[in-house]
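Let me begin by presenting the structure, written as structure tokens, before commenting on it.
The values are calculated or read from the model by the stated rules, or taken from the named source; none is laboratory data. Only a predicted model underlies this, so the values are computations on that prediction, with no experimental measurement involved. With ideal geometry, Cβ positions are generated from the backbone for all residues, glycine too; neighbour counts draw on all protein chains shown. Surface accessibility is based on the protein's heavy atoms, side chains included, excluding ligands, DNA and RNA. Shrake-Rupley method; radii C 1.70, N 1.55, O 1.52, S 1.80 Å.
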Amino acid sequence: MTDAVLAAPPPETRIDLAREFAETQIDEVLERLDRELVGLVPVKTRIREIAALLLVEKVRRRLGLAAEAPTLHMSFTGNPGTGKTTVALRMADILHRLGYVRRGHLVSVTRDDLVGQYIGHTAPKTKEILKRAMGGVLFIDEAYYLYRPENERDYGQEAIEILLQVMENQREDLVVIVAGYGDRMETFFTSNPGFRSRIAHHVEFPDFSEAELIAIGEAMLERQNYRFSADALAAFRDYVARRIRLPHFANGRSIRNALDRARLRQANRLVRDRNAALTVEDFITLAEADIRASRVFAAEPLGVEAKL
């Protein structure tokens, strides 16, 4: 204990944390995250807090004030379409810029990528994925599907045991982020306490509000050189208010799907009217009819998003 104290620099040593922060350029990643994702203030705040902690830990290690690398494995919980994969990508970049991972890449997988269908198949599949992810971040979406206790012949437990071993023994070369619905992830952690004990940061992703979904839709169109007419925007507001209350709503993912279908309707409308004198404005503007043709406005209840 005494040796560790003596090895540390004098207390009056001045640390230019502003320069340390600027040199990592993590502010660029955080600003990009702000641009990419509407809302999600609690998530962005949490990511900034984690980045600050890791920056300080990096300085402390250099000064001899920390003996072990911090645990970096994370859990992202929330409904589909709330930006978990995008945040994982940015987190990988932050970890790389701070020197916690060698490469900063993200490998995104589900159960099918890790679990085999017969004896002897799971281990090589899981190890191959881990090999690809080393030096970066492994993102396991819907991680709770790895555990299926009702099926005695399921091989998910084998994948879990391999993951846990690597998460512990090679945590300085791999960060694992598990993701999924909050309640199902809680059940997964209860059934697999080894996973919970290895997770340092739990980040909850809230659903988007109607206003945020409208902003997301407008931003998506702008990136594709489209826009709403005034009437189409009003119709889209109505669409969102209705769609958000129907089954299988998936936040930003549902908005993207809705706009893809609106663009399909616009294209068919333009081709149908191809003999008319069309302008550039016609090609970039979604009309009210392109939105209101959705079955969301029909009277009958809907349960399949593909029809919306």
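So the values come out like this:
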| read-out | value |
| --- | --- |
| Meets criteria (at negative phi, modelled with pLDDT of 95 or more and surrounded by 15 or more Cβ atoms within 10 Å (Cβ to Cβ)) for Ile291 | yes |
| Residue check for Arg14: basic (Lys, Arg) and either part of a helix (DSSP H, G or I) or modelled with pLDDT of 90 or more (or both) | no |
| Filter result (open to solvent by less than 10 Å² (accessible area, probe 1.4 Å), in contact (Cβ under 8 Å) with a residue 40 or more places away in the chain and closer than 12 Å to Ala179 by Cβ) within segment 123-143 | Val137, Phe139, Ala143 |
| Whichever residue in segment 144-156 is touching a residue at least 24 places away in the same chain (Cβ under 8 Å) and part of a loop (DSSP other than H, G, I, E, B) and, among such residues, is nearest to the chain's Cα centre (by Cα) | Tyr147 |
| Entirely in segment 181-263, the helices (runs of 4 or more DSSP H) that have 3 or more residues that are among the aromatic types (Phe, Trp, Tyr), touching a strand residue (DSSP E or B) at 6+ places or on another chain (Cβ under 7 Å) and surrounded by fewer than 17 Cβ atoms within 10 Å (Cβ to Cβ) | none |
| Test set (1) of a type outside the set (Asp, Glu); (2) in contact with a strand residue (DSSP E or B) (Cβ under 6 Å, 6 or more places away or on another chain); (3) over 28 Å from Glu20 (Cα atoms) - Arg148 fails condition number | (2) |
| Flag for Ala159 being within 23 Å of Thr85 (Cβ to Cβ), over 20 Å from the mean Cα position of the chain (by Cα) and surrounded by 15 or more Cβ atoms within 10 Å (Cβ to Cβ) | yes |
| Members of segment 172-195 that are farther than 19 Å from Ile129 by Cβ, β-branched (Val, Ile, Thr) and in contact (Cβ under 8 Å) with a residue 24 or more places away in the chain | Thr187 |
| For Gly120: the one exception among (1) surrounded by fewer than 17 Cβ atoms within 10 Å (Cβ to Cβ); (2) touching a residue at least 24 places away in the same chain (Cβ under 8 Å); (3) of a type in the set (Gly, Ala, Ser) | (2) |
| Matching residues, segment 33-86, being crowded, with 19+ Cβ neighbours inside 10 Å, out of contact with any strand residue (DSSP E or B) (no Cβ under 7 Å at 6 or more places or on another chain) and β-branched (Val, Ile, Thr) | Val38, Ile47 |
| Residues of segment 87-121 satisfying the condition of being in a helix (DSSP H, G or I), touching a Gly at 6+ places or on another chain (Cβ under 9 Å) and aliphatic (A, V, I, L, M) | Ala92, Ile94, Leu95, Leu114 |
| Residue within segment 61-82 that is modelled with pLDDT of 95 or more and in a helix (DSSP H, G or I) present | no |
| Residue in segment 167-177 that is open to solvent by less than 10 Å² (accessible area, probe 1.4 Å), part of a helix (DSSP H, G or I) and in contact with a Phe, Trp or Tyr (Cβ under 7 Å, 6 or more places away or on another chain) present | no |
| Flag if Glu281 is closer than 25 Å to Thr85 by Cα, among the charged types (D, E, K, R) and open to solvent by 70 Å² or more (accessible area, probe 1.4 Å) | no |
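Okay, residues lined up against (1) under 19 Å from Arg102 (Cβ atoms); (2) of a type in the set (Phe, Trp, Tyr):
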{"residue": "Gly135", "(1), (2)": "yes, no"}
{"residue": "Ile140", "(1), (2)": "no, no"}
{"residue": "Ala143", "(1), (2)": "no, no"}
{"residue": "Leu164", "(1), (2)": "no, no"}
{"residue": "Asn169", "(1), (2)": "yes, no"}
{"residue": "Glu172", "(1), (2)": "yes, no"}
{"residue": "Met185", "(1), (2)": "no, no"}
{"residue": "Phe188", "(1), (2)": "no, yes"}
{"residue": "Ser191", "(1), (2)": "no, no"}
